[in-house]
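Read through the structure below, which is laid out as structure tokens, and then see the notes.
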Amino acid sequence: MNSSTPIKRIAIFGSTGSIGTQTLEVIASNPDLFSAEILTANNNDDLLIEQAIKFNPNIVVIGDEKKYIKVKEALAGTDVKVFSGDKALEEVAAMDCYDMMLAAIVGYAGLRPTLKAIDNGKAIALANKETLVVAGDIIMKKAVENRVPIIPVDSEHSAIFQCLVGETRNRIEKIILTASGGPFIGRKPNYLVNVKREHALQHPNWTMGAKITIDSATLMNKGLEMIEAKWLFNLKPEQVDVVIHPQSIIHSMVQFEDGSIKAQMGLPDMKLPIQYALAFPKRIANDFPRMDFKKVSTLSFEEPDVKTFRNLALAQLALNKAGNLPCIMNAANEIAVFAFLRNRINFLDMTDVIEKSMDAIPFIENPTLEEYFESDGEARNFAADLIKL
Ligand code: NAD
Ligand code: MG
């Protein structure tokens, strides 16, 4: 990039997480291209302080208000402004001090700050897939109205996005999302019923936050990604396909109307899609490990087992029926995963909680934003009651 390119000012919402910390690595490697202007964390005050001292952002937000004083005092000798609480997340999302939000908060909590950023014309690099699952129609409509680009960070969607560069006039027949299958690929319910949290947290190919790691083990992650893809690429449900590809080398594919298929490949490393989203439309050089085809002996593919991993079938239903059903599914899933991580329910119970919630909460075909918020709350309460949380 030439020296006249202005530095892109990045706000990382969820800077202490897996995506957030990797985004800071990308920024640290490219100080002439990017600066970190806003950093936010829910409760990891020590890491947030460390990041603020290293990157000297304009603003930090610590979600947990009890930790405000500690963060404020630790940064007293700096220019960093410190805020706290959920409302502050939305307020700083509207501020002028940044150009692009890297939306890396996990779950529904990422929705409101991202909406605020879009309303204020900020470009979005989107890791937080739940935002599109909950209210994809509203998010995409607002993005168009505000001329805000939404660039995917999720590796599959980044792959599709990369395959579509230069193809704006060409019709997509379908997209093929690849799924590693997670640690329990090939397993049956009699095995899964006894799976413990520690085991489910061991993903074969990726190191990620706890929630998405469990979602990957149940295949809910792929279900969320199907819905995410529908909104990002304006597809019909039947144009979104999933195939299990255990090596995670092909990150996803696009099949065009002439039958030609484009795939994006590489070693599994989230820094690549993060860097691509930050720098788009440019690619930037890096020294990440390269893939060597002479050493990769097999790329294999198989059909997902939706009879065993029923979350994927539920997500397919939510994708087809749309309305508030994906929002309800997402809320119940967040409660179920939370309960599983606390050893309150077993691995298969998670699906039952989600299915019952999807049956119980009234369906709304064209929800308003308020109705999405309400459906989320109702589904959370219903799921928590079922589990007796
Ligand atoms: P993580 O758990 O490692 O980090 C989550 C971040 O969000 C942390 O900084 C945390 O402080 C913050 N946070 C959590 N709850 C919050 C709340 N209630 N309010 C405000 N902040 C809160 O998660 P992650 O693995 O980095 O994933 C982040 C998002 O990116 C998820 O939506 C996930 O699906 C998506 N994603 C992650 C990966 C990956 O490799 N980790 C890949 C693709 C997509
Ligand atoms: Mg993904």
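The values are calculated or read from the model by the stated rules, or taken from the named source; none is laboratory data. Remember, it's a predicted structure, so these values are computed and weren't measured experimentally. Neighbour counts run over all protein chains shown; Cβ positions are idealised from the backbone, glycine included. Remember, those area values only see protein heavy atoms, side chains included, never the ligands or the DNA or RNA. Shrake-Rupley method; radii C 1.70, N 1.55, O 1.52, S 1.80 Å.
Please enumerate, by chain and number, the aspartates and glutamates with C-alpha under 16 Å from the C-alpha of Lys196, excluding those fewer than 8 residues away in the same chain.
Leaving aside aspartates and glutamates fewer than 8 places away in the same chain, those within reach of Lys196 are Asp215, Asp349.
Once the dipole of the stretch 26-100 is set up with Lys and Arg at +1 and Asp and Glu at -1 on Cβ about the Cα centre, which of Leu75, Asn58, Tyr98 lies farthest towards its positive end?
The Cα lying farthest towards the positive end belongs to Leu75.
Run the accessible area of the chain with a 1.4 Å probe and give the carbon-and-sulfur part as a rounded percent.
Solvent-exposed carbon and sulfur of the chain make up 51 percent of the total.
Under the rule a/c < 1.5 gives rounded, and otherwise a/b versus b/c splits prolate from oblate, where does the stretch 100-195 land using the Cα gyration tensor?
oblate
How much accessible area per residue does the stretch 225-299 have, in Å², with a 1.4 Å probe?
51 Å²
Could you tell me which of rounded, prolate or oblate describes the chain, using a ≥ b ≥ c as the square roots of the eigenvalues of the alpha-carbon gyration tensor, with rounded for a/c under 1.5 and, failing that, prolate when a/b is larger than b/c and oblate otherwise?
Rounded.
Are there trypsin sites (Lys or Arg not before Pro) in the stretch 165-205 that DSSP puts in a loop and that have at most 11 other Cβ atoms within 10 Å, and which ones?
Arg169, Arg171, Lys196
Name the residue from Ala127, Asn43, Ser15 whose Cα lies farthest towards the positive end of the charge dipole of the stretch 8-152, charges +1 on Cβ of Lys and Arg and -1 on Cβ of Asp and Glu.
Ala127
Checking the a/c ratio against 1.5 first, then a/b against b/c, what shape does the Cα gyration tensor give for the stretch 8-152?
Since a/c reaches 1.5 and a/b is larger than b/c, the shape of the stretch 8-152 is classed as prolate.
Counting other Cβ atoms within 10 Å, which chymotrypsin sites (Phe, Trp or Tyr not before Pro) in the stretch 221-324 have at most 14 and lie in a DSSP loop?
Phe293, Phe301
What is the magnitude of the charge dipole of the chain about its Cα centre, with +1 placed on the Cβ of each Lys and Arg, -1 on the Cβ of each Asp and Glu, and no other charges, expressed in debye to the nearest 20?
640 debye
Pairs to check: Lys70/Lys211; Lys116/Lys230; Lys141/Lys262. Give those whose C-alpha atoms are more than 24 Å from each other in this structure.
From the list (Lys70/Lys211; Lys116/Lys230; Lys141/Lys262), the Cα-Cα distance tops 24 Å for Lys70/Lys211; Lys141/Lys262.
So, R0 is 22 Å and r is the distance between the beta-carbons of Ser29 and Trp206; what FRET efficiency does that work out to, to 0.05?
Working from the Cβ atoms, E equals 0.60.
Probe radius 1.4 Å, ligands and nucleic acids left out: which of Ser375, Ser260 has the largest accessible area, and how do the rest follow?
Ser260, Ser375
Treating the beta-carbon of each Lys and Arg as +1 and of each Asp and Glu as -1, no other charges, what is the dipole magnitude of the stretch 136-197 about its Cα centre, to the nearest 20 debye?
The dipole of the stretch 136-197 has a size of about 300 debye.
Taking the Cα centroid of the stretch 311-389 and of the stretch 263-293, what is the distance between the two, rounded to the nearest whole Å?
For the stretch 311-389 versus the stretch 263-293, the Cα centre distance is 34 Å.
Please give the charge dipole size of the stretch 8-152, origin at the Cα centre, charges +1 on K and R Cβ atoms and -1 on D and E Cβ atoms. Round to the nearest 20 debye.
Charge dipole, the stretch 8-152, about its Cα centre: 220 debye, nearest 20.
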